[in-house]
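Student: Below are the structure tokens for one structure; questions will follow.
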Amino acid sequence: MALVYAGVCSHAPGITGRADQADPEVREEFYAAFDQMRAAIEARGAEAIMVVAAEHFANFFMNNMPAFAMGMADFYDGPIEDAGWLAIDKFRAPGNRDLSERLIREVMATVDVAYAEEWRFDHGIAVPLHFLTPAFDLPVIPVNINCQGPPLTPLHRAWAFGEALRRAADSVPERIALVGTGGISHWPATPDSGKINQAWDEEFLDRWCRNDRQALLDYDDLTVYAEAGQGGFEIRTFLAVSAAAAGVPGTVHFYTPIPIFAVGCTVASYDLAALS
């Protein structure tokens, strides 16, 4: 089994950029959960980390918006945002072009996926990497699901993509960690920024932890938009990880609404050892 870790986490820019404005006790508890995720990935002997994120018009725009894309390069620069605003210094993260190509070829057997040999990381990937690979010593395979530009990737296709990522990870000898990043409910770059629907988040996380495919695919975008904001469309990245975890149960290690970070901050994982 080459997929050795499957989890999800938040990626809002305020997590790093407005850290000084959060309640220190809550912030440090959240950061500790990130550190536990990092330690778990290392303990599983991961040789590469595949980060499934929502791309925020930094590399893909409406003139070319793939439903799915994967990076295929030996390195990636970031963050695309101002380093002072995000509070993350400019970096060059290692990739692995050969590994990426092998994974992409396997995914292509069942799901149409674009690939990019150039990719500048925005906060969607830069924030998780800041905590999970602080020394940038683990090759990164960036993955994007269109959660931004309508028509959005259908949820059931995001699920099929997650299954394809699992098959691809299991087809290579390298040990792969899979991390989905995104929402959950949030209203970024709107007058409602900072609003969080905690009840909606908790219901979603219950479905996610049960890895209930039918319940997770029961959402529709109009309802998500009304109840969880346009940021809620990023559940697609969480669903892909659910599909890759193949029905095993999950655990929420941290969930707390932190309005100054503009999201209900989340760290959760699936117990892949249950498949062993």
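The values are calculated or read from the model by the stated rules, or taken from the named source; none is laboratory data. This structure is a prediction, so every number in the text was calculated from the model and none was measured. Every residue, glycine among them, receives a Cβ derived from its backbone with ideal geometry; neighbour counts consider all protein chains shown.
Student: Taking the condition of being among the hydroxyl-bearing types (Ser, Thr, Tyr) and over 22 Å from Asp221 (Cα atoms), how many residues in segment 128-170 meet it?
Tutor: So in segment 128-170, the residues among the hydroxyl-bearing types (Ser, Thr, Tyr) come out as 133, 153.
Subset that is over 22 Å from Asp221 (Cα atoms): 133.
Of the residues in segment 128-170, 1 are among the hydroxyl-bearing types (Ser, Thr, Tyr) and over 22 Å from Asp221 (Cα atoms).
Student: Can you pull out every residue in segment 243-276 that is in contact with a Ser or Thr (Cβ under 6 Å, 6 or more places away or on another chain) and assigned to a loop (DSSP other than H, G, I, E, B)?
Tutor: Ala262
Student: Of the conditions (1) assigned to a loop (DSSP other than H, G, I, E, B); (2) surrounded by fewer than 17 Cβ atoms within 10 Å (Cβ to Cβ); (3) not acidic (Asp, Glu), Arg105 fails just one. Which one is it?
Tutor: Result: Arg105 fails condition (1) only.
Student: Out of the residues in segment 24-68 that are of a type in the set (A, V, I, L, M) and farther than 18 Å from Ile176 by Cα, state the one that is surrounded by the fewest Cβ atoms within 10 Å (Cβ to Cβ).
Tutor: In the first step, residues of segment 24-68 are kept if they are of a type in the set (A, V, I, L, M); the result is 26, 32-33, 37, 39-41, 43, 46, 48-54, 58, 62, 65, 67.
Of the ones still in play, those that are also farther than 18 Å from Ile176 by Cα are 26, 32-33, 54, 58, 62, 65, 67.
Values: Val26: 16, Ala32: 13, Ala33: 21, Ala54: 25, Ala58: 18, Met62: 9, Met65: 19, Ala67: 19.
Once the filter is applied, the top-ranked residue is Met62.
Student: Same structure, new question: Could you count how many residues in segment 1-16 are at pLDDT 95 or above and surrounded by fewer than 21 Cβ atoms within 10 Å (Cβ to Cβ)?
Tutor: Looking only at that region, the number is 2.
Student: Considering each residue of segment 220-242, count those that are buried (at least 24 other Cβ atoms within 10 Å of the Cβ) and in a helix (DSSP H, G or I), and give that number.
Tutor: So in segment 220-242, the residues buried (at least 24 other Cβ atoms within 10 Å of the Cβ) come out as 228-229, 231-242.
Keeping just the survivors that are in a helix (DSSP H, G or I) gives 228, 231-242.
Residues meeting the conditions: 13.
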